[in-house]
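Asks: If you scroll down you'll find the structure; I have some questions about it.
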Amino acid sequence: MQSRDRVNSGHNPDFSTPNVETDERWSVSFDESFEWHLSPLVADGVVFVPSRSDHRLYAFDAASGDERWHFDVDDYILFTPCLHGKTIYVIDESNTVTAISTDTGDERWTTEIPSEWGPRLRGAPTTDGDRVYICATTPFTVYSLDTDTGDEAWHTEFEGDFGMKPAVVDETVYVTRPDSVVALDSETGDEQSRFNTDRRIVTPPSIDDDQLYVVAVSELVAFDLENGDSNWTLELDTTDWNERSGTVGRRTPLAVDDDAVYVPYLTPGSELYRTDNSILVAINKDGEERWTVETEEEIQSGLSVGDGAVHAASDHGVFAFETEDGNRRWHVETDTEKPFPGTTPVLVDDAVYVGVGETLYALGG
């Protein structure tokens, strides 16, 4: 599975790890110029690592950490790739989408997105197996590419600017506008409906069976997936953070499992990018707050949920909290001096794969 599934839930119901301190299985360290801006992906026994520092996509054996292959991308890798089957799709700063074989690291195809103003692509790609969906800016445009050939199937243009990682459910693609989520027909790109807010949306849409969730400035909003109505909102205590940056969740995607929604954010009064504390809150599907935990670490990674625990990373470690009550299940401290956020933990089988500092870790007791 990949680090963020196509509905942006971060949930792996098949993950299983013992309720004990998690040990390191193996680790791979990169050179000092390496920085974890993008999350790894895992599929079919391979860990894929996109590197901005050397414009490479690496493939490591998930069991041993040995490198299988690497692919040199023409330019700066902008976002975490997406994958389906035996192909991984990478976006770079030259407005190019490259499809790469996960088995061999060979290029399958490349497609350049038209641009008159330099880099246009915005937000990680999403695929449903038949198409790859990508958001571009100036003007805001959603592109649908054929996964086999890279040919454009359709594009839909909007007034203004915005866009983050799309979500795909059944035959509908959900993309963010400044104050709404737009539902598009996956076959034609025609607009089907809108989910409107009166505040700026700062997270990609996360979707479960019947609700769509976004953070709009400092509110968590749950929409009815069928009729687009707002079912409930919950105000997050982030006043000071919002006065300076206007956002709460741009760097911290939501996670959703069968029972709750999980939101990490910096504590009020924190500095813009540096803080000693974060807050993690769990909200039941009816909008009732389940629990709130103030952590001793800064959470700016995405969240992953599995086996009754929500997982996150800081710049000094990886930790898991019980989904039922917020109690800490385990914490692994890493040895790094780099003040950069850890990546979204990837939960596969009985292992956790995560990047912290300049190192990729495979954890599992």
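The values are calculated or read from the model by the stated rules, or taken from the named source; none is laboratory data. The shown structure was predicted, so the numbers you read here are calculated from the model rather than taken from an experiment. Every residue, glycine among them, receives a Cβ derived from its backbone with ideal geometry; neighbour counts consider all protein chains shown. Heads up: the accessible areas ignore ligands, DNA and RNA and are worked out on the full protein's heavy atoms, side chains in. Shrake-Rupley method; radii C 1.70, N 1.55, O 1.52, S 1.80 Å.
Asks: Among the residues of the range 334-359 satisfying the criterion of being among the β-branched types (V, I, T) and farther than 22 Å from F321 by Cα, which is modelled with the lowest pLDDT?
Replies: T336
Asks: Another question, if that's okay. Suppose we filter I88, I113 for residues that are closer than 22 Å to F162 by Cα and not hydroxyl-bearing (S, T, Y); which single one remains? Before you say what the answer is, go through the steps one by one.
Replies: On the way: I88 fails: closer than 22 Å to F162 by Cα.
Exactly one residue qualifies, and that residue is I113.
Asks: If you don't mind, another one. Return the residue satisfying two criteria in turn: it lies in the range 79-104 and is of a type in the set (G, A, S) and closer than 23 Å to T344 by Cβ, and of such residues it is modelled with the highest pLDDT.
Replies: So, considering only residues that are of a type in the set (G, A, S) and closer than 23 Å to T344 by Cβ, the one modelled with the highest pLDDT is A99.
Asks: Where residues in the range 112-166 are small (G, A, S) and part of a strand (DSSP E or B), which of them is farthest from the chain's Cα centre (by Cα)?
Replies: Checked the range 112-166; the qualifying residue farthest from the chain's Cα centre (by Cα) is A153.
Asks: Consider only pairs whose beta carbons are under 6 Å apart and that are at least six residues apart or on different chains; among these, list those whose first residue lies in the range 352-365 and is outside any strand (DSSP E or B) and whose second residue is modelled with pLDDT of 85 or more and open to solvent by less than 10 Å² (accessible area, probe 1.4 Å).
Replies: Every condition considered, the pairs that remain are G364/A351.
Asks: Restricting attention to the range 225-238, which residues are in a loop (DSSP other than H, G, I, E, B) and of a type outside the set (S, T, N, Q)?
Replies: Those that are in a loop (DSSP other than H, G, I, E, B) and of a type outside the set (S, T, N, Q): L225, E226, G228, D229, L236, D237.
Asks: Given D31, D5, which one is open to solvent by 80 Å² or more (accessible area, probe 1.4 Å), in a loop (DSSP other than H, G, I, E, B) and either modelled with pLDDT of 75 or more or farther than 24 Å from R328 by Cα (or both)? Give the derivation first.
Replies: On the way: D5 fails: open to solvent by 80 Å² or more (accessible area, probe 1.4 Å).
That would be D31, the only listed residue that is open to solvent by 80 Å² or more (accessible area, probe 1.4 Å), in a loop (DSSP other than H, G, I, E, B) and either modelled with pLDDT of 75 or more or farther than 24 Å from R328 by Cα (or both).
Asks: Here is a further query. For the range 36-81, give me each residue that is part of a loop (DSSP other than H, G, I, E, B), of a type outside the set (A, V, I, L, M) and under 17 Å from the mean Cα position of the chain (by Cα). Even if it seems obvious, please write down each step before you answer.
Replies: Applying the first criterion (part of a loop (DSSP other than H, G, I, E, B)) to the range 36-81 yields 36-40, 44-45, 52-55, 62-66, 73-76, 78-81.
Among the residues that remain, those that are also of a type outside the set (A, V, I, L, M) are: 36-37, 39-40, 44-45, 52-55, 64-66, 74-76, 79-81.
Selection gives W36, H37, S39, P40, R52, F79, T80, P81.
Asks: Starting from residues that are open to solvent by 10 Å² or more (accessible area, probe 1.4 Å) and in contact with a strand residue (DSSP E or B) (Cβ under 9 Å, 6 or more places away or on another chain), keep the ones in the range 39-59 and report whichever is nearest to P345 (Cα to Cα).
Replies: S39
Asks: Could you tell me which residue of the range 165-176 is farthest from A124 (Cα to Cα), considering only residues that are out of contact with any Cys (no Cβ under 7 Å at 6 or more places or on another chain), open to solvent by less than 20 Å² (accessible area, probe 1.4 Å) and not β-branched (V, I, T)?
Replies: Out of the qualifying residues, it is Y174.
Asks: Next question, about the same structure. Going by the structure shown, is G10 open to solvent by less than 10 Å² (accessible area, probe 1.4 Å) and in contact (Cβ under 8 Å) with a residue 40 or more places away in the chain?
Replies: Yes: the conditions hold for G10.
Asks: Suppose we filter L121, L145 for residues that are at pLDDT 95 or above, crowded, with 23+ Cβ neighbours inside 10 Å and not acidic (D, E); which single one remains?
Replies: Matching residue, one of L121, L145: L145.
Asks: A follow-up question, please. Filter the range 293-325 down to the residues that are open to solvent by 10 Å² or more (accessible area, probe 1.4 Å) and not acidic (D, E), then identify the one that is farthest from the chain's Cα centre (by Cα).
Replies: Checked the range 293-325; the qualifying residue farthest from the chain's Cα centre (by Cα) is V293.
Asks: Here's another thing I want to ask about it. Need the failing condition index for H331 against (1) surrounded by fewer than 21 Cβ atoms within 10 Å (Cβ to Cβ); (2) not in a strand (DSSP E or B), just the number.
Replies: Looking at each condition in turn, H331 falls short on (2).
Asks: Where residues in the range 199-242 are among the small types (G, A, S) and over 13 Å from D179 (Cβ atoms), which of them is modelled with the lowest pLDDT?
Replies: For the range 199-242, the residue satisfying everything is S218.
Asks: Which of the residues that make up the range 178-224 are open to solvent by 30 Å² or more (accessible area, probe 1.4 Å) and not in a loop (DSSP other than H, G, I, E, B)?
Replies: Matches in the range 178-224: D185, E191, Q192, S193, R194, N196, E219, D224.
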